[in-house]
Amino acid sequence: MNVLGRLGVPPVQMVMEGRLALRSKIMKITGVVAVSAALALGASACGGKSDSSGSGGGGDTVTLGFMGDLTGENSGIVIPPKQAAQLAVDEYNATSPKVKITLKTYDSQGKGEQAVPLVKQAITKDKIVGLIGPAFSGESAQVDPVLEEGKVPSISASATNAALATHGWKYWHRLIGNDNVQGAGIGGFIARQLRAKKVFIIHDASEYGKPLAATVRSTVMKAGATTSVDAIDVQGSDYSSTVNKAKAFAPDAIFFGGYYAQAGKLLKQLREGGVRARFLSGDGSLDKGLAAGAGGTTANGSIIGCPCLIDPNGTAGAASKKFAADYKAKFGADTAIYSAEGYDAATAFIAAIKAGNTTTEKINTFLSTIDMAGVSKKIKFSSAGEPTATDVYVYQVKGAQLPLLGNAKTATVK
Amino acid sequence: MSLPLLRRRRTNLNNLFEQFWPYTIDGLSLGAIYALMALGYTMVYGVLRLINFAHSEIFMIGTFAVLGTLHLFGMPSNVSGFALIGLLIVLAVAGAVASGGSAVILEYVAYRPLRRHGASRLAALISAIGASLFLQQLFARVVIPAAFHLPKEKGALPIQGHFVQKSDAVHIGSFELSNDRLIVIVGAVLMMVLLDVFVERTKLGRGIRATAQDPETAVLMGVNIDRIVTATFAIGGAMAGVAAALYMLRFEETRYDVGFLLGIKAFTAAVLGGIGNLRGALVGGFLLGLFEMYGSAIFGSEWQNVVAFSVLVLVLMFRPTGILGESLQQARA
């Protein structure tokens, strides 16, 4: 069950740093959306129309784009889905289809200001018929309006910010559960599998941690649990007032909405303070740094939820097992974070092209009705572009590793 | 809105009364670290009328010296009892030497040239902020990645060093006092007493007080100001180094910006107690720690800092010179 240990330079650690960065970018970037939308208008006015619908029609090769941070400091989180998408495309091309697919990558470095010119180039010059990405929520907020203007469908494998689905974009999709889905999944796990009656909720007051904790709270309250809430200061190091509160509340389970750096410290201080309740957290804490911060074996048994499926041993099912084996055979590495989602995103586009759709409009129409099995989840989108599947996976800390425990709906804990 | 809110406040007050001892002990052990750090601010202010904003980085350097020393000892784990106290003394000395040394270097590089050229006190203040940022980034980008063999972009991550076996030293009814908290509180008070005796009784201490009181007359009386300033920085830095050792004992983790919030709090403690006053730093530190804990018990932990600074504002409204006032200057030599 050596999930994270064999990933080489621990990419998941980078992953979560990336996540920190990408989430903190989200709010700053929303203000820029209006500007970039205006820019996009300009771009499509000078010749976008004919490009967007005419691309690739009738040719024997179409181009798919993949956009994300491929060389920057958060690339550890983006390279696995890129490789998985490449795997899907190569598998498809190997079947000698009528229309072959070229996967073209766009290295946005995770930055919106680099991503916007790249996506314009992708639409007008490379005439992509679809885009896998952008990887992060922050850059998505800037790039997606441009795609919308250019009428190019996109599927992100990793942008989880809930607000992305609220803009009424017709060409935007994602194959990863958003933060609300994650909160509901983890909350359901606490209420059903752990049967917790008293849940102590802690958050880091961030725009990621606070709403996630709130969703978990409302979910467990609906299931009849009583809760108490406290917040910690990410800058601070002394969480003893939170520990005292948790101790007085005597919970069955503790959920923390925030990132691993604080989660480790918090868990350590909780245990030192004599609070023994099971500790749970969200994808922001899906990192070895959690166990390191808590020290020794303190974090053992803690459960981390994530809408992502990281399953290098293929325990989640036959499709996952085949994918893990193929991925390993091709890249010599275990599947990692978001690789299954990246594979599924590519699979969705491939299914559209296989069905004879080679224009952006037709592919987008196909995606609105697609309904097929994927590796991470069922590939089916709501009208807002969200995945209809609400799978959340739980991982249990074991030493320095984070092996997959299973789907939050069915997983059981010893 | 108001009724549930009122009810919530009442349960929170109950929470404070029921958990009075845990909150008090946590407040005191937090305050002890504030107090030791506040000494550095207060001494430098007393002598030079300068707020040494880089003091928080002096503390940070101390925590890394402690961590380095732990590595020299082969990273022991679960130390307890007398072995822990012995180890802590070694760590405190290491922290004090590193912090005191860097404080002296800092003074040579960042403040002395300005003083020599008669620059305004504001220039020194900017220099202090610059030194603070420089040291933070130096550690995040160069020192930490090099020392811990990390890729460059990971220098900002927390670095752990778990070595303490935590246990309850005292346990009477609901009154629990863990060994680490006990050591932190006792250690801080001990250092305070030592420093107080040093400043009151020794020749160097007399020189410090004389300089604080009236630098020009002190020079006329044969006090070597440069020596006094160096000593002040060395002692203030050493206290921060001891605080760093106690901090590491309690939290076992540090980061390049670990001193930032602590530094602001320690500065607040110094102002609260009366900046320039050594005993004021002790009083201010402990009071601030207690206010923070009681405040977060009643209003929620997210209000911890708000409560602390509200108390500061209230105290300064009625006692503008702080609780004990500026007595380092007024003390009779």
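The values are calculated or read from the model by the stated rules, or taken from the named source; none is laboratory data. These numbers were taken from a predicted model, which means no experiment stands behind them. No Cβ is skipped: glycine too gets one built from the backbone with ideal geometry, and neighbour counts run over all protein chains shown.
Condition test on B:Ala103, is it within 17 Å of the chain's Cα centre (by Cα) and either assigned to a helix (DSSP H, G or I) or farther than 16 Å from B:Val47 by Cα (or both)?
yes
Being on the phi < 0 side of the Ramachandran plot and free of Cβ contacts under 8 Å to residues at least 24 places away in the same chain is a condition met by no residue of region A:186-207. Looking only at residues that are of a type in the set (Gly, Ala, Ser) and not in a helix (DSSP H, G or I) in region A:189-226, which one is surrounded by the most Cβ atoms within 10 Å (Cβ to Cβ)? My answer is A:Ala196. Set side by side, the residues B:Ala156, B:Ala146 differ, and just one is at the interface with chain A (Cβ under 9 Å from one of its Cβ atoms) and among the aliphatic types (A, V, I, L, M), which is B:Ala156. Being surrounded by fewer than 24 Cβ atoms within 10 Å (Cβ to Cβ), at the interface with another protein chain (Cβ under 7 Å from one of its Cβ atoms) and closer than 14 Å to A:Ala205 by Cα is the filter here; which residues of region A:227-257 pass it? Hits for region A:227-257 are A:Asp230, A:Ala231, A:Asp233, A:Gln235, A:Gly236. Looking at the structure I just gave you, is B:Ile323 surrounded by fewer than 24 Cβ atoms within 10 Å (Cβ to Cβ) and either touching a strand residue (DSSP E or B) at 6+ places or on another chain (Cβ under 7 Å) or of a type outside the set (Asp, Glu) (or both)? Yes; evaluated as a whole, the condition is true for this residue. Where helices (runs of 4 or more DSSP H) fall wholly inside region A:253-336, the ranges with 1 or more residues that are closer than 26 Å to B:Pro22 by Cβ and acidic (Asp, Glu) are A:260-272. Determine whether A:Leu267 is crowded, with 18+ Cβ neighbours inside 10 Å, modelled with pLDDT of 95 or more and more than 10 Å from chain B (Cβ to nearest Cβ). The answer is yes for A:Leu267. Against the criterion of being hydrophobic (A, V, I, L, M, F, W, C), crowded, with 20+ Cβ neighbours inside 10 Å and either out of contact with any Cys (no Cβ under 9 Å at 6 or more places or on another chain) or closer than 30 Å to A:Leu290 by Cβ (or both), B:Val242 qualifies.
Within this structure, B:Ala140 fails the test of being within 13 Å of B:Asn52 (Cβ to Cβ) and surrounded by 14 or more Cβ atoms within 10 Å (Cβ to Cβ). Would you check if there is a residue in region A:209-219 being within 14 Å of chain B (Cβ to nearest Cβ), among the basic types (Lys, Arg) and more than 21 Å from B:Phe251 (Cα to Cα)? There is at least one residue in region A:209-219 that is within 14 Å of chain B (Cβ to nearest Cβ), among the basic types (Lys, Arg) and more than 21 Å from B:Phe251 (Cα to Cα).
On the basis of being at the interface with chain B (Cβ under 8 Å from one of its Cβ atoms) and surrounded by 18 or more Cβ atoms within 10 Å (Cβ to Cβ), does A:Tyr260 make the cut? Against the criterion (at the interface with chain B (Cβ under 8 Å from one of its Cβ atoms) and surrounded by 18 or more Cβ atoms within 10 Å (Cβ to Cβ)), A:Tyr260 does not qualify. For the criterion of being of a type in the set (Lys, Arg) and more than 11 Å from every other protein chain (Cβ to nearest Cβ), A:Arg276 passes.
Rundown of residues vs (1) in contact with an Asp or Glu (Cβ under 8 Å, 6 or more places away or on another chain); (2) modelled with pLDDT under 95; (3) at positive phi, yes/no style:
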site	(1), (2), (3)
A:Asp344	no, no, no
A:Phe349	no, no, no
A:Ala355	no, yes, no
A:Ala384	no, yes, no
A:Ala389	no, yes, no
A:Ala400	no, yes, no
A:Leu405	no, yes, no
A:Ala408	yes, yes, no
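Among the residues of region A:177-188, those identified as part of a helix (DSSP H, G or I) and either closer than 19 Å to A:Ser137 by Cα or not small (Gly, Ala, Ser) (or both) are A:Asp179, A:Asn180, A:Val181, A:Gln182, A:Gly183, A:Ile186.
Of all residues in region B:11-49, which are of a type in the set (Gly, Ala, Ser) and within 13 Å of chain A (Cβ to nearest Cβ)?
Listed by number, the residues that qualify are B:Gly27, B:Ser29, B:Gly31, B:Ala32.
A single entry from A:Ala384, A:Ala389, A:Ala411 fulfils the requirement of being closer than 30 Å to A:Lys268 by Cβ and either touching a Cys at 6+ places or on another chain (Cβ under 6 Å) or in a loop (DSSP other than H, G, I, E, B) (or both): A:Ala411.
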